[in-house]
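**Student:** One structure coming up, written as C-alpha cells, with questions to follow.
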Amino acid sequence: MPSNRNISQPGGKVNTLILGAGITGLSCAYHLGKDYLVLEKESKAGGLCRSVKTGGFTFDYSGHLLHLHSDYAKKFIFSFLGKNIVKIERNSRIYSKEVLTRYPFQANLYGLPPDVIQECISGLLEAKRSAKKTEAVSRHVNRHGTFRDWVLKTFGRGFAKHFFFPYNTKLWTVSPERLTTDWINIFIPQPDVKDVIDGAFREQDKTFGYNASFYYPEKGGIQALIDSLSGKISNIRMNSPVTSINLKERFAITGDRKIYFKHLVSTIPLPELLGIIENLPEKVRSAGKMLSWNSVDCVNVGVKMKNLKEGIHWIYYPEKTFPFYRTGFYHNFTRYSVPSGTGSMYVETAYQPGSKPEKNMLLNKTLSGLVKSRVIDKKDKVIESQVLSIPYAYVIYDKNRSKALETINAFLKNSHIRSIGRYGAWKYSYIEESILDAKAAAENILKQ
Ligand SMILES: Cc1cc2nc3c(=O)[nH]c(=O)nc-3n(C[C@H](O)[C@H](O)[C@H](O)COP(=O)(O)OP(=O)(O)OC[C@H]3O[C@@H](n4cnc5c(N)ncnc54)[C@H](O)[C@@H]3O)c2cc1C
C-alpha cells in the first residue's frame, strides 16, 4: 500500500505532471510546450528507446527501428534527426528446416522442403474451401474467436504447424488458444492465394506488411532521437521514481517531495500505475490483476566475423530448438553501429515474468543457436556481449484484457488520468503511435 509518511519537502505545483521520460512522455512534454514536469525513475531518458555504447558498438534494447506512416510523425522525427537518418528497404528472413526464407513465411515458401510446401498449400486450400462453405471470410477478424481458430481458418493447418503456432507461442509465451485476434490487424500480412502460390515456386520480389521500409539514425542508435528530443524538454527530473499518487488532493510523491498537479499523464506500465494509486477501488485492483504480459531478454553480441550476413536486417526463428524468437543485425542498419571488421546483433528471448533465464545459460544458448543457424561461426571471436532485460515487453492479448481495460479505463477517465503509450494504454504498439498518442493527449490538455 503506497504511503505518504515522512514527506518533508513541499515539491511544488505543476499544471501537467508526466510520469516517465520514454518516447511517449517526451513527446507529450514537447507538444505541451510549457507548464509541465516530467519525472523519470532512471538516470537517463528514453525508456525502451535508449541505446548503450560499449567497445565501439552501439546497441539498443533490441533494434528500435522507425516504422513511419503518418506525415506528421515523419516530419517530427526528421526535424530531430536532421541528416542523421537512413531509409532502409527491409530484408528480413525466417530460419526453419535449416533454410533462410523471405518474410513473411506465408508468402515465401520457396526454398523449404517439398513436404512442408505441400502441407502449407494443401492446408490453405482446405481452409479456403471450408471458409466458403461456412461463409466465413478469412480476412475478417472474428473479435470473439481465438488466435488459434483464426490462423486455422485463414491460413490452414500447414502454415499453423510450420510457422504461426510455434512462432507465436515462443513470442507471446502463451498458447495460441489463449490469444485473441485483437492485435493482428497490421502485424500479420494476409497475402492472396495467388501470392502464396507464386511465392512457393520462386523468390517473391513483392513486399508485404507494415514495415517494408523503415528508418534508423545513422549514428548513435535510437538514443540519437531521444537525445535530440530531450534537448527541447526543459522541465525533466531524472532519478525520480514516483512512488505514490493521491487522487483526492491530486499530488504525487517522488523521494521526499510532494508534487501537486492539475493534469496527470502516465506512461508507466499500467500495473505499476495502479500499484501506486492510494485507496484504489477494489474493483479496479482486481481488474489490474487480470492483466498479463511477458518479459524479454535482449542479448546484444559484438563479434569479429567474416560472414556478416550482409544485407539481412532480422531473422525470425519459429523452431523450438532455438530459445530465441528473433535476431537482428545492427551492422546492417548502419555501419556506424560497429567497429570495422565486426558485426553485431540482438537476440530476443521471451519469458513469463518471474521465469527470467539465468544469465550465463541464456548467453550460452544464444551463442550456440547463432552458430547452429550459421549466423556466426564457431571460430568467430565474441568481443562484446550483454543482456538487457525488458520486464514489460509484450502486452498479452487474452480474453481478460479488454474486460479488465473497460473497468480500469472507466476509473482512469473518472479520475482525470491519461494513461498513454504502449504500456500506459496497455497495447501492442510502436514508436510512431506513441508519438501521436502523446501529441493527442497534449492537445487535449491544452484545449482545457
Ligand atoms: C522487444 C521490443 C522491440 C521493439 N522494437 C520496436 C521497433 O523496432 N520499432 C518501434 O517503433 N517500436 C518498437 N518497440 C516498441 C517501443 O519500444 C515502444 O512502443 C515505445 O518505446 C514505448 O515508449 P513509452 O515511452 O510508452 O514506454 P517506455 O519506453 O517503457 O517508457 C516509460 C518510462 O517510464 C519510466 N518509469 C517507469 N516507472 C516509473 C515511475 N514509477 N516513476 C517514474 N518513471 C517511471 C521508465 O523508466 C521509462 O523511462 C519494441 C518493443 C519491444 C518490447
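The values are calculated or read from the model by the stated rules, or taken from the named source; none is laboratory data. Note that the structure is predicted; figures quoted are calculated from it, not measured. Note that each Cβ is placed from the backbone with ideal geometry, even for glycine, and that neighbours are counted across all protein chains shown.
**Student:** Only one of N84, N91 is more than 14 Å from the ligand (Cβ to nearest atom), touching a Lys or Arg at 6+ places or on another chain (Cβ under 9 Å) and at pLDDT below 95. Can you tell me which?
**Tutor:** N91
**Student:** Applying the selection to the range 109-145, what residues are in a loop (DSSP other than H, G, I, E, B), over 31 Å from the mean Cα position of the chain (by Cα) and modelled with pLDDT of 80 or more?
**Tutor:** Passing the criteria: only P113.
**Student:** I would also like to ask the following. Any residue in the range 262-269 that is in a strand (DSSP E or B) and surrounded by fewer than 16 Cβ atoms within 10 Å (Cβ to Cβ)?
**Tutor:** There is at least one residue in the range 262-269 that is in a strand (DSSP E or B) and surrounded by fewer than 16 Cβ atoms within 10 Å (Cβ to Cβ).
**Student:** Return yes when K304 is surrounded by fewer than 17 Cβ atoms within 10 Å (Cβ to Cβ), assigned by TED's automatic domain parsing to the domain that holds V375 and touching a strand residue (DSSP E or B) at 6+ places or on another chain (Cβ under 7 Å) and no when it is not.
**Tutor:** For K304, the condition - surrounded by fewer than 17 Cβ atoms within 10 Å (Cβ to Cβ), assigned by TED's automatic domain parsing to the domain that holds V375 and touching a strand residue (DSSP E or B) at 6+ places or on another chain (Cβ under 7 Å) - is met.
**Student:** Which one is nearest to the chain's Cα centre (by Cα) among residues in the range 282-341 that are part of a strand (DSSP E or B) and away from the ligand (no atom under 16 Å from the Cβ)?
**Tutor:** Ranking the qualifying residues of the range 282-341, first place goes to G302.
**Student:** Moving to a separate point now. Within the range 165-182, can one find any residue that is surrounded by fewer than 18 Cβ atoms within 10 Å (Cβ to Cβ), modelled with pLDDT under 95 and either within 22 Å of Y325 (Cα to Cα) or in contact with a Phe, Trp or Tyr (Cβ under 7 Å, 6 or more places away or on another chain) (or both)?
**Tutor:** yes
**Student:** Can you tell me which residue within the range 356-398, out of those that are assigned to a loop (DSSP other than H, G, I, E, B) and of a type in the set (D, E, K, R), is farthest from P269 (Cα to Cα)?
**Tutor:** K379
**Student:** Just checking, how many residues over the range 411-426 are assigned to a loop (DSSP other than H, G, I, E, B) and either under 24 Å from the mean Cα position of the chain (by Cα) or near the ligand (Cβ under 7 Å from one of its atoms) (or both)?
**Tutor:** Selection size over the range 411-426: 3.
**Student:** Kindly establish whether T58 is crowded, with 20+ Cβ neighbours inside 10 Å and free of Cβ contacts under 8 Å to residues at least 60 places away in the same chain.
**Tutor:** No; evaluated as a whole, the condition is false for this residue.
**Student:** Provide a single number: the residues in the range 283-340 that are under 15 Å from E384 (Cβ atoms) and not polar (S, T, N, Q).
**Tutor:** 12
**Student:** Between a first residue in the range 282-297 that is hydroxyl-bearing (S, T, Y) and a second residue that is assigned to a strand (DSSP E or B), which pairs have beta carbons less than 6 Å apart while being 6 or more apart in sequence or on different chains?
**Tutor:** Pairs found: S295/Y351; S295/P391; S295/A393.
**Student:** Oh, and also: If you check G33, G111, G63, which single one turns out to be outside the structural domain of I184 (by TED's automatic domain parsing), away from the ligand (no atom under 16 Å from the Cβ) and not aliphatic (A, V, I, L, M)?
**Tutor:** Only one candidate passes the filter, namely G33.
**Student:** A further question follows. Listed residues S244, S234, S266, S230; which is farther than 24 Å from W293 by Cβ and in contact with a helix residue (DSSP H, G or I) (Cβ under 8 Å, 6 or more places away or on another chain)?
**Tutor:** On inspection, the qualifying residue turns out to be S230.
**Student:** While we're looking at this one, here's another question. Would you confirm whether or not the range 213-222 contains a residue that is touching a helix residue (DSSP H, G or I) at 6+ places or on another chain (Cβ under 9 Å) and in a helix (DSSP H, G or I)?
**Tutor:** No, the range 213-222 has no match at all.
**Student:** For E432, state whether it is of a type in the set (D, E), touching a residue at least 12 places away in the same chain (Cβ under 8 Å) and farther than 18 Å from D297 by Cα.
**Tutor:** yes
**Student:** Every residue in the range 402-426 that is touching a strand residue (DSSP E or B) at 6+ places or on another chain (Cβ under 6 Å) and touching a residue at least 24 places away in the same chain (Cβ under 8 Å), please.
**Tutor:** Scanning the range 402-426 gives I417, R418, S419, Y423, G424, W426.
**Student:** With respect to L48, is the statement that it is modelled with pLDDT of 95 or more and more than 10 Å from the ligand (Cβ to nearest atom) true?
**Tutor:** Here the answer is no, as L48 does not meet what is asked.
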